[in-house]
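Participant: Take a look at this one; I'll ask things after.
The values are calculated or read from the model by the stated rules, or taken from the named source; none is laboratory data. Just so we're clear, the structure is a prediction, and the values are computed from it rather than from any experiment. Ideal geometry is used to build each Cβ from the backbone, glycine not excepted, and the neighbour counts take in all protein chains shown.
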Amino acid sequence: MSNGNWLTTAAYHESGHMVAGAAVGWPVGEIWIIRDGTDETGNAQARCGTYWHQDNEPLNWVVETYGGLIAQWRYPGRGWPEYAKEDYEHIRIALRAAANDVDQQVRLRRRARRRARVLVDRHWGAVEALGTALLGGESEYAPGCHRLWPHQVQRVLGTHGLQASVAG
C-alpha cells in the first residue's frame, strides 16, 4: 500500500475508534499516526486515545474497537487485514471478560458490531472531518507524525454534533 493511501486509511481507522468511543460517552484523548518503521511489520504505528479502561462495560470496548474497523472498511481506499490484528485481539479479550459462554460471546460480538456500524454511519461526517484534520496535522517538529490533541479532537467532533469530554 502506498504511503498516502496507508495514511488516509489509518486516519479513517483511528477516527472511527475515536468517534465510536465518544458516541458511547468516553472522554477523548489525542489521536496520532506515525510512519517510522517501528512496528513488527516495519510499516507504521497509529493510535487514538479513547479511555476505555475507565468503562466497565465490555460491550462498549467492543463497539469502540469495531468503530475503527468499520470506518476503515467504509473508506473507499479500504484497508489491509494485518493492520487490524491488535484490534481483533482487543475484541477477544473484551468478549472473554464479558462472558464465559462462547454463544454469549458470539451474541455480544454481533450486537457490538451492529451498534458500531450504526454509530459510524450516523457520525460519518465526524469520521471524515477527524480523518481529514488528522492528515492535515503533520508536526513540523516530527515529520511523518500526524497528531491531533484532545481539545482539537473535541472541537472537530463538536462541529458534527458529537459532544465529548476531554480526558484528564
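Participant: Go through segment 143-168 and report how many residues are part of a loop (DSSP other than H, G, I, E, B) and either within 19 Å of Asp121 (Cα to Cα) or in contact with a Cys (Cβ under 8 Å, 6 or more places away or on another chain) (or both). Talk me through it step by step, then tell me what you get.
Facilitator: Step one: filter segment 143-168 for residues part of a loop (DSSP other than H, G, I, E, B), giving 143-144, 149, 160-165, 167-168.
Restricting the remaining residues to those that are either within 19 Å of Asp121 (Cα to Cα) or in contact with a Cys (Cβ under 8 Å, 6 or more places away or on another chain) (or both) gives 160-164.
Counting residues in segment 143-168 that are part of a loop (DSSP other than H, G, I, E, B) and either within 19 Å of Asp121 (Cα to Cα) or in contact with a Cys (Cβ under 8 Å, 6 or more places away or on another chain) (or both) gives 5.
Participant: Can you tell me which residue among Ala98, Ala116 is more than 21 Å from His151 (Cα to Cα), modelled with pLDDT under 90 and in contact with a helix residue (DSSP H, G or I) (Cβ under 6 Å, 6 or more places away or on another chain)?
Facilitator: Just a single option satisfies the conditions, and that option is Ala98.
Participant: Also: With the checklist (1) at pLDDT 85 or above; (2) surrounded by fewer than 12 Cβ atoms within 10 Å (Cβ to Cβ); (3) over 16 Å from Leu59 (Cβ atoms); (4) among the basic types (Lys, Arg) in hand, flag the one item Arg122 doesn't pass.
Facilitator: Exception for Arg122: condition (2).
Participant: Something else: Starting from segment 153-168, take each residue that is under 11 Å from Gly29 (Cβ atoms) and touching a residue at least 24 places away in the same chain (Cβ under 8 Å) and list its partners that are charged (D, E, K, R) and in a helix (DSSP H, G or I), counting only C-beta distances under 8 angstrom and pairs at least six apart or across chains.
Facilitator: Going by the 8 Å Cβ cut-off, there are no qualifying pairs.
Participant: Oh, and also: Are any of the residues in segment 3-26 surrounded by fewer than 22 Cβ atoms within 10 Å (Cβ to Cβ) and at pLDDT 85 or above?
Facilitator: yes
Participant: Also, quick follow-up: Pairs needed: first member in segment 49-77, polar (S, T, N, Q); second member anywhere, modelled with pLDDT of 65 or more and assigned to a loop (DSSP other than H, G, I, E, B); C-beta distance under 6 Å; at least 6 residues apart or different chains.
Facilitator: Thr50/Trp26; Asn60/Val24
Participant: Within segment 148-168, restricting attention to residues that are surrounded by fewer than 17 Cβ atoms within 10 Å (Cβ to Cβ) and within 18 Å of Ile33 (Cα to Cα), which residue is modelled with the lowest pLDDT?
Facilitator: Among those residues, the one meeting the criterion is Trp149.
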